[in-house]
Amino acid sequence: MNARGSIARRLAIALTASACMLWLVSVVIAAIVLRHELSDSFDDALRQTAYRVLPLAIHELEDGDLRNSSTKDILVIRTLAEASADLSYLVIGPRGTTLLTSNPKATALDPNTVPAGISLQRGNYTFSLTDPVSRYRIIVSERDGLRQSVLRESIVAMLLPLAALIPLLALLVIVIVRAAMRPIWDLGKAIAKRHGRNLEPFKLGPQPRELAPIVAEVEELLSRLKGALEAERSFAAESAHELRTPIAGALAQVQVLSSQLRDPAHVAHLKETEKSLLNLAALAEHLLQVSRLEAGFAMSSEPTELAPLVDLVLGESAFRAQRDRLIVTRAPGPSPSAYISPDAFAIALRNLVQNALHYGDAGEPVTVHLGPASLSVQNNCPAVSPDLLDRLTQRFVRGQDGTHGTGLGLAIVNTIMRDSGGKLSLTSPVPGQNGGFRATLSFGLADQR
């Protein structure tokens, strides 16, 4: 199943992008409103300037003080006007003559073309006001692009916090999403730990309302699955165990009968029957081992010393008749140990040695080598085809003759090594030879003592 990316990552990106988009939309709306409000405010500023400056200019002109005053007095009025460089004005007398200006640039306006009130002249907003009594007139104009620059600065001022807050916003969203997704991650980890040998309840405590039904249903499913698997394992173990006695009894009867018969044809049939019963006994033994493996007994919490177990297994009666074919070597140093149960290691070694003796060339030696963190069993035989070599760890896949054996030995060994944290490796031909077969147990948790 292909992963489609992290939900938390997509959610964080979506929330951050949505927040930024909403902010941008808000800025656009605010800019439209601000543009309208700024226009009203600047129009009002033009009016207020005209209404305040015109009476002062008339007063000075009528009294003659301005006309006859020194340059210093005139500069006082110009300085006041220039202090607010955003606005400039000029005063026109009753005869249409410009009498006073705050900025020489203002004289570029043609008073005759400027209508009364607010108007747009050469890209600048102006306000023209005429005193109905004295007929003096004032024209107040804004600096070039004043409204646009103020609006632009206001928009930038609203956007700058967004640029500064985007990383903080993204971090805050990630923290919130992680906190919200924590129960889902905990549930995912708990489910990932469940397998055929671990079907225990999650024990996650109270769950969010959205996850509570899922947790309850999955735990119920695990409970039913555990019951079904336990029933299946129990049946397999009991069946294999119960088969031992009748098979052993039938085998004994066949052997007794074979010793009493003299007819070679009958003896040959009994030998075939005995062989079939032996295969059936081996199958029952392997089925019992499989049922024990399903119960998860291969892993050990304490390290197991391997060298004494090798001697114990190879000293069993099943191997005494061919003890001269077994060559046992050990790497120098202390006895290795691994986190595997003694029973599981004995089953794995026993199956490997039985396979090597059975499928190896008759009379050829079988080498058992115990290394610092591995154990290998090697025998001489024709090279195994790569396709068959890849399938030998599957259940009920037999060697190249395809008829002998139960087809469970290497599958059992592979399961033992997998459950104990190790690995089974098969090699054929043996490096440096034209044939041969080598099975290597690598103990990932091996410990030198």
Go through 135-146, 89-100, 348-359 and give me the packing order, highest mean Cβ count within 10 Å leading.
348-359, 135-146, 89-100
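Which order do K271, K203, K226 fall in if you start with the one that has the fewest other Cβ atoms within 10 Å? It would help to have the intermediate numbers written out before the result.
Values: K271 13, K203 7, K226 16.
Exposure proxy ranking, most exposed first: K203, K271, K226.
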Scoring region 297-448 by relative contact order with C-alpha pairs under 8 Å, at least six apart, yields a percentage of 27
If you average the C-alpha positions of region 320-379 and of region 149-180 separately, how far apart do those two centres end up, in angstrom?
68
Can you tell me the order of 209-220, 334-345, 300-311 when each peptide is scored by its average per-residue count of other Cβ atoms within 10 angstrom, highest first?
334-345, 300-311, 209-220
Radius 14 Å from Cβ of I176, net charge of other residues (Lys, Arg +1; Asp, Glu -1)
+3
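All of the numbers you see were taken from the coordinates with simple rules; none came from a lab. In this text, all values refer to a predicted model and were calculated from it rather than measured experimentally. Cβ: placed from backbone, ideal geometry, glycine included. Neighbour counts: every protein chain shown.
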